Structures are given as structure tokens and as C-alpha cells.
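K.L.:
Have a look at the structure that comes next, please.
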Amino acid sequence: VQITMGNLFTQFAQATPTLAKPSPAPVAPLDLRAMRPQGNTTTPVSTKYALSQAGQRYLVFQPTGNAAFTITFPAGAVTYDARWYNPRSNTFSTLGTYTSPSGGGTVTFDPTDGSPNPGFPCPSCDATSGAVLWLRKQGLP
């Protein structure tokens with residue numbers, strides 16, 4: 001399947017019927033212009049629905065909110081501001097910060113328990129809600 005901005009946002013919109021209401025916890029915007037569609041066997045994100053600027057920004061949609069997914073980070077430890085977003089309830093959960101492995105590598109993120117930061121799960125994410133992981137390198141506008 002060819003991943004394009006159009007089908008990425010179509011899938012996201014179908015899973016987010018409540019997005020019209022304002023979010024109770026707005027976040028700083030991600031620069032989507034700098035990000036590229038991801039989501040096949042040659043990209044750093046295991047879901048089919050993701051945008052990334054490797055090492056800088058990641059926006060990953062997992063349609064099944066109780067399923068883990070992976071991101072492969074480039075070498076060099078980077079600290080990101082991190083949040084989960086539940087598209088069904090339109091709620092954000094702050095993970096705080098996440099630092100990628102210094103040698104790079106694949107990391108599993110799990111919305112149900114907040115891995116790799118246990119204790120910070122996606123609020124109310126379940127099999128029908130979907131989940132979005134928002135990562136932005138600290139210091140970026």
C-alpha cells in the first residue's frame with residue numbers, strides 16, 4: 001500500500017469522529033511540512049500510518065489503541081517531548097520526555113502501559129479508540 005498524506009489523514013479522520021470539539025490540553029504544533037509519510041518495511045515506523053522527520057519529529061497513529069508498535073531511531077541520543085493522544089476521547093496524556101537510545105535502534109511503544117515510560121499510558125486507549133504518539137525533539141519550534 002502506498003502511504004500518502006491523503007490516505008494517512010483519511011484513516012486518522014475515520015478513527016477520530018470527535019476531533020471537532022476543542023482539545024482540553026492543546027500542544028505545540030508539529031511542522032507537518034518537514035515530515036514524510038512512513039509505514040512500510042523500509043521505514044522507521046511499524047504502523048502503516050505515520051509521519052516522521054527521522055531524529056526530529058514523529059507522529060504515529062496506531063488504529064488499534066491497545067496494540068504496541070515500534071520506531072527505529074537513528075544513532076545519537078535525542079530527547080523528545082512526548083505525548084499520547086486518544087482520538088476517540090480527544091484527550092492528551094503527557095509522557096514528559098523520552099530519550100532515544102544513544103546507539104540508535106528499535107524501541108517498542110505500547111499505549112496500554114505507556115512503554116517505554118511505564119506509568120504514562122494513553123488515556124482510555126483501547127482496541128476501538130486508536131492512539132497517536134507525538135514526539136518532538138526538545139528545542140525545536
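A short reminder: the numbers here are calculations on the coordinates, not readings from a lab. Remember, predicted model here, so these are calculated numbers, not experimental data. Cβ: placed from backbone, ideal geometry, glycine included. Neighbour counts: every protein chain shown.
K.L.:
Give me the Kirkwood hydrodynamic radius of the range 33-141 in Å, from all C-alpha pairs, to one decimal place?
P.N.:
Result for the range 33-141, one decimal place: 13.6 Å.
K.L.:
Report the local net charge at CYS122: Lys and Arg +1, Asp and Glu -1, summed over other residues whose C-beta lies under 13 Å from its C-beta.
P.N.:
Value of the local net charge: -1.
K.L.:
Measuring from label point to label point, each 7 Å out along Cα→Cβ, what is the SER89 to LEU32 span in nm?
P.N.:
Taking the simple label geometry, SER89 and LEU32 are separated by 2.5 nm.
K.L.:
A further question follows. Could you work out the pair-distance distribution P(r) of the range 79-141 from its alpha-carbon pairs, with 5 angstrom bin width and percents rounded to whole numbers?
P.N.:
Calculated over all Cα pairs of the range 79-141, the distribution is 4, 19, 28, 24, 15, 8, 2, 0 percent.
K.L.:
Take the eigenvalues of the Cα gyration tensor for the range 37-98, scale each by 5, and report the square roots as semi-axes in whole Å, largest first.
P.N.:
Gyration-tensor ellipsoid for the range 37-98: 19, 16, 9 Å.
K.L.:
If R0 is 25 Å, what FRET efficiency do you get for ALA67 and THR106 from their C-beta distance, rounded to 0.05?
P.N.:
0.95
K.L.:
Right, another one. Summing Lys, Arg as +1 and Asp, Glu as -1, what charge do residues with Cβ under 12 Å from the Cβ of ARG136 carry, ARG136 excluded?
P.N.:
Net charge around ARG136: +1.
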